[in-house]
1. Mind running the shape call on segment 79-185? Use the C-alpha gyration tensor, a ≥ b ≥ c as the square roots of the eigenvalues: rounded below 1.5 for a/c, prolate if a/b tops b/c, oblate otherwise.
2. With runs of 4+ DSSP H residues as the only contributors, calculate the mean residue ellipticity of the chain at 222 nm using -39,500 (n - 2.57) per run, divided by the residue total and rounded to the nearest 500.
3. Would you mind classifying segment 60-122 by shape? Square roots of the alpha carbon gyration tensor eigenvalues, ordered a ≥ b ≥ c; an a/c under 1.5 is rounded, otherwise it is prolate if a/b is larger than b/c and oblate if not.
4. Using 0.36 nm per residue, how much length does the chain from Glu129 to Tyr39 gain when fully extended, once their Cα-Cα distance is taken away?
5. In debye, nearest 20: dipole of the chain around its Cα centre with unit charges on the Cβ of K, R (+) and D, E (-)?
6. Shape verdict for the chain, please, from the Cα gyration tensor: rounded (a/c under 1.5), prolate (a/b greater than b/c) or oblate.
7. Net charge near Asn122: determine it from the other residues with C-beta under 14 Å of the C-beta of Asn122, scoring Lys and Arg +1 and Asp and Glu -1.
8. Of Met1, Met34, which has the most accessible area with a 1.4 Å probe, and how do the rest follow in descending order?
Amino acid sequence: MILPITVYGNPVLRKVSQEITPDYPGLKQLIDDMFETMYKSEGVGLAAPQINKNIRLIVIDASPFADDDPELKDFKLVIINPTIIERSGPDELFNEGCLSLPTIREDVNRPTKIKIRYVDENFTEHIEEWTGIKARVAQHEYDHIEGKLFIDHISPLRRKLISGKLNAISKNKIKPDYRIILNKK
Ligand code: ZN
């Protein structure tokens, strides 16, 4: 089932999300629905707050970037209860977009390397080191479950320049071509 997406202005995007246990109701279906929703809206990652749930659950499929890096062909995974335990390497700018910030794209500075601990859909623990686009996508999605958005990383000047667009999104004046949850007045 395709789920509607929360957009800027919805308080669910600003809360720190909670960990879940294997008995979380309907977890398998929820994961399937999140992948389906992500594919339908042409995203490469989706975090639970974006489908209106404050839980530490992320789905990623970065295979659309496989032209840039063949390793990404198989970078499809479910990340539950993650902690980024280390960020390192030089920072790098990369142009980011977000289903919760339709019409906005900005160059965002982030570390190029991370060490992350998480459990997968079977609650098997993984500790991984990722660089490049893997680290980029994971950090963007991790921000969501920490109540952050990529616009929090841009300069005050850039933020000012997009304030009109942000205002329009929060007031339901932007209609992307995927279903969204309208913000309350
Ligand atoms: Zn996002």
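1. oblate
2. It lands at -7000 deg cm²/dmol.
3. Here segment 60-122 falls in the rounded category.
4. Between Glu129 and Tyr39, full extension yields an extra 29.9 nm.
5. With only Lys, Arg, Asp and Glu charged at Cβ, the dipole is about 1300 debye.
6. oblate
7. Net local charge, Asn122 excluded: -3.
8. Output order, biggest surface exposure first: Met1, Met34.
The values are calculated or read from the model by the stated rules, or taken from the named source; none is laboratory data. Keep in mind that this is a model prediction, so the values were computed, not measured. Ideal geometry is used to build each Cβ from the backbone, glycine not excepted, and the neighbour counts take in all protein chains shown. Keep in mind that these areas ignore ligands, DNA and RNA; they rest on the heavy atoms of the full protein, side chains included. Shrake-Rupley method; radii C 1.70, N 1.55, O 1.52, S 1.80 Å.
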